[in-house]
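Participant: One structure, as structure tokens, below. Some questions next.
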Amino acid sequence: MPTPIELVGFDADDTLWHSERYYEAAHAEFEAIVGRYVDVADVRVHDRLLAVERENVKLFGYGVKGMTLSMVEAAIALTDARIAAEDVHRIVMLGKGVLEHPVELLPGVREAVEAVSANHRVVLITKGDLHHQERKVERSGLADLFHRIEIVSEKDERRYAALLEQFEVPAGAFAMVGNSYKSDVAPVLALGGWGVYVPYPLLWALERVEIDASHPRFAQVASLAQLPAALAGLADGAA
């Protein structure tokens, strides 16, 4: 059956492979380190670190390096600069640990991408630190499945519009698949494209927004195994 969707974009982190759980583990260890100097609950360590990250993402962008610098900055502020150099070093090592985490694919990912590529061109669009994302793509063993791989600093309407111009595909012929409604779905819907939301159990606080599940070009699936049927359903609805 003909479909209006020509090109399908896939997010990477927590859509194709596990990612956020390594960040959350680093955050938990960060709180344990800072907890040696302050009452973690009393000073709201989690909230204050998030506030620092929210500001720093404008300068450092997304990814482990920005997270690590934010943890160091927050630790110094939370402890009134009393934190020992050895504990600052421990925080830096937390960041290195996340950079070196294994790339563990979610169940059925390769099969799902292969199934979608039988009827559509597929591209990978991920944001974050260039070097880290390149390493993860290489180690995932999935690079050969995609027509193009794009690593961007932000996922918003402006960036998606620029990518679609490069791909020479109108927004109405593009569907984006990912675990973040804010970054993977909402901007594409706003441009007139299609969005498929694949929730992951963990989501960074800065990615949390209200989801409009009633949007006519929106679909939600429990796993990528359901993606080919979801894309077909969107195409049927459009027809």
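None of the figures in this text is laboratory data; all of them are computed from the coordinates on show. Just so it is clear, the model here is predicted, and its values are computed rather than measured. In this analysis, Cβ positions are derived from the backbone assuming ideal geometry, glycine residues included, and neighbour counts consider all displayed protein chains.
Participant: What translational diffusion coefficient, to the nearest whole µm²/s, does the chain have by Stokes-Einstein, given a Kirkwood radius computed over alpha-carbon pairs, a temperature of 37 °C and 0.692 mPa s viscosity?
Facilitator: On the way: Rh = 18.9 Å.
Estimated diffusion coefficient is 173 µm²/s.
Participant: Given the Cα-Cα distance of R90 and E29 and 0.36 nm per residue of separation, how much length would full extension add, in nm?
Facilitator: The R90-E29 span can extend by a further 21.0 nm.
Participant: Under a Cβ-only charge scheme (Lys and Arg +1, Asp and Glu -1), can you give me the dipole magnitude of the chain about the Cα centre, in debye to the nearest 20?
Facilitator: 160
Participant: Let me ask another. Report, in degrees rounded to the nearest 10, the 0 to 90 angle that the Cα long axis of helix 157-167 makes with the longest principal axis of the chain.
Facilitator: It works out to around 50 degrees.
Participant: On alpha carbon coordinates alone, what is the Rg over Rh value for the range 3-112, Rh being the Kirkwood radius?
Facilitator: Using Cα coordinates only, the ratio equals 1.10.
Participant: In nm, to one decimal, how far is the modelled label at A190 from the one at D156, with both set 7 Å along Cα→Cβ?
Facilitator: The modelled label-to-label distance comes out at 0.8 nm.
Participant: Give the percent of DSSP beta bridges with both residues in the chain that are antiparallel, rounded to the nearest 5. Please list the in-between numbers first.
Facilitator: Numbers: 1 of 22 bridges.
If I count the DSSP bridges inside the chain, around 5 percent turn out antiparallel.
Participant: Using label points projected 7 Å from each Cα along Cα→Cβ, tell me how many nm separate E210 and L130, to one decimal.
Facilitator: 3.8
Participant: Calculate how steeply helix 130-140 sits against the longest principal axis of the alpha-carbon atoms of the chain, using the helix alpha-carbon long axis, and give the answer as 0 to 90 degrees to the nearest 10.
Facilitator: Once rounded, one gets 60 degrees.
Participant: Follow-up. If R₀ is 30 angstrom, what is the calculated FRET efficiency for the pair D42 and L203, using the beta carbon separation as r and rounding to 0.05?
Facilitator: About 0.65, to the nearest 0.05.
Participant: Express the relative contact order of the range 20-99 as a whole percentage, based on alpha carbon pairs under 8 Å and six or more residues apart in sequence.
Facilitator: Contact order relative to length: 39 percent.
Participant: Helix-only estimate, please: 222 nm mean residue ellipticity of the chain, summing -39500 (n - 2.57) across DSSP H runs of length 4 or more and dividing by its residues, to the nearest 500.
Facilitator: When only DSSP H runs of four or more count, the value is -14500 deg cm²/dmol.
Participant: Additional query: Given all pairs of different Cα atoms, what value in angstroms does the Kirkwood hydrodynamic radius of the range 101-154 take?
Facilitator: This gives a value of 11.9 Å.
Participant: Then there's this: Could you tell me the distance between the Cα centroids of the range 97-118 and the range 132-182, to the nearest Å?
Facilitator: Cα centroid to Cα centroid, the span is 15 Å.
Participant: Counting other Cβ atoms within 10 Å of each Cβ, which GluC sites (Glu not before Pro) in the range 113-186 have at most 14 and sit in a DSSP loop? Before the final figure, lay out the partial values.
Facilitator: Values: sites: E114, E134, E138, E150, E154, E157, E165, E168; in loops: E154, E168.
Answer by residue number: E154, E168.
Participant: Sticking with this structure for a sec: Per the Cauchy relation, a quarter of the hull surface: what is the mean projected area of the convex hull of the alpha carbons in the range 126-175, in nm²?
Facilitator: 3.8
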